Amino acid sequence: KQKKLRTKQCINEWHKLASYASTKGIKYLTWEPMSISREYGETIYRCKQIHKMLNYGSSLPFKLCLDVDHGDIESKNPKDTNPYAWLNELVNDSSELHLKQSNKNKSGHWPFTKEFNNTGKILPNKILKIIKSSNHQTYKLFLELSFKERQPIDKNIIKTIKESINYWKLFLKD
């Protein structure tokens, strides 16, 4: 009961934000489904529910910022931890995608380096094929990488980010 009340309050606040944003010329707002229920959108089904509630009666459309590493790992539905299932089902409702290398345990905000790409499950061609089949003229891709504040990781961050960018450039040529 408390969750439903808080969800309704959140939706109302997001609608207020949309009303304000529309007065400033903003065309749409984005929200990011997360991996735990207290942060909303932890499963594909729940994401669709929240997204529908956000868009119903809003003065601006809401779009999704999808993330290749999100999804409730305790879900009984294997689609909920499959980045390609999320993208296939929701690409037309989204405007952007957070990218990081990940594995089956969803334990990454890993860079796209040779080391992590060897064991990772995020394949640029597969991601881009889904996006290209969508109704989008433009679609934003963001690297969302995380690094421990330890050596030698810290001193190699710039090199690692460059390697990740160069890796994605190979697939973004056309």
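Between the amide H of Glu144 and those of Leu99, Lys100, distances stay under 5 Å, these residues lying 5 or more places away or on another chain, with hydrogens modeled in the peptide plane. Here the Karplus relation 6.51 cos²θ - 1.76 cosθ + 1.60, evaluated at θ = phi - 60°, turns the backbone of region 22-27 into coupling constants of 5, 6, 9, x, 6, 8 Hz, with x for every Gly and Pro. Given +1 at the Cβ of Lys and Arg, -1 at the Cβ of Asp and Glu and no other charges, the dipole of the chain around its Cα centre is 200 debye to the nearest 20.
Volume of the convex hull of region 54-143 (Cα atoms only), normalised per residue: 111 Å³.
Database remark: amide H of Thr30 closer than 5 angstrom to the amide H of Lys63 (H placed geometrically; neighbours at sequence offset of 5 or more, or on other chains; Pro and chain starts carry no H). Look at the Cα gyration tensor of region 1-85: its axes a ≥ b ≥ c give a/c of at least 1.5 with a/b at or below b/c, and that counts as oblate.
Share of carbon and sulfur in the accessible area of region 125-174 stands at 53%, probe radius 1.4 Å.
Here the translational diffusion coefficient of the chain follows from Stokes-Einstein with Rh set to the Kirkwood radius across Cα pairs; for 25 °C and 0.890 mPa s it amounts to 140 µm²/s. Between helix 157-171 and the chain there is an angle of about 80 degrees, using the helix long axis and the longest principal axis of the Cα atoms.
How big is the gap, in Å, between the Cα center of region 103-155 and the Cα center of region 70-98? Rounded to whole Å, the Cα centres lie 14 Å apart.
The values are calculated or read from the model by the stated rules, or taken from the named source; none is laboratory data. Because the structure is predicted, anything quoted here is derived from the model rather than measured. All Cβ positions, even for glycine, are placed from backbone atoms using ideal geometry, and neighbour counts span all protein chains on display. Ligands, DNA and RNA are stripped out before the accessible areas are found, and what is left, the full protein with its side chains, is counted by its heavy atoms. Shrake-Rupley method; radii C 1.70, N 1.55, O 1.52, S 1.80 Å.
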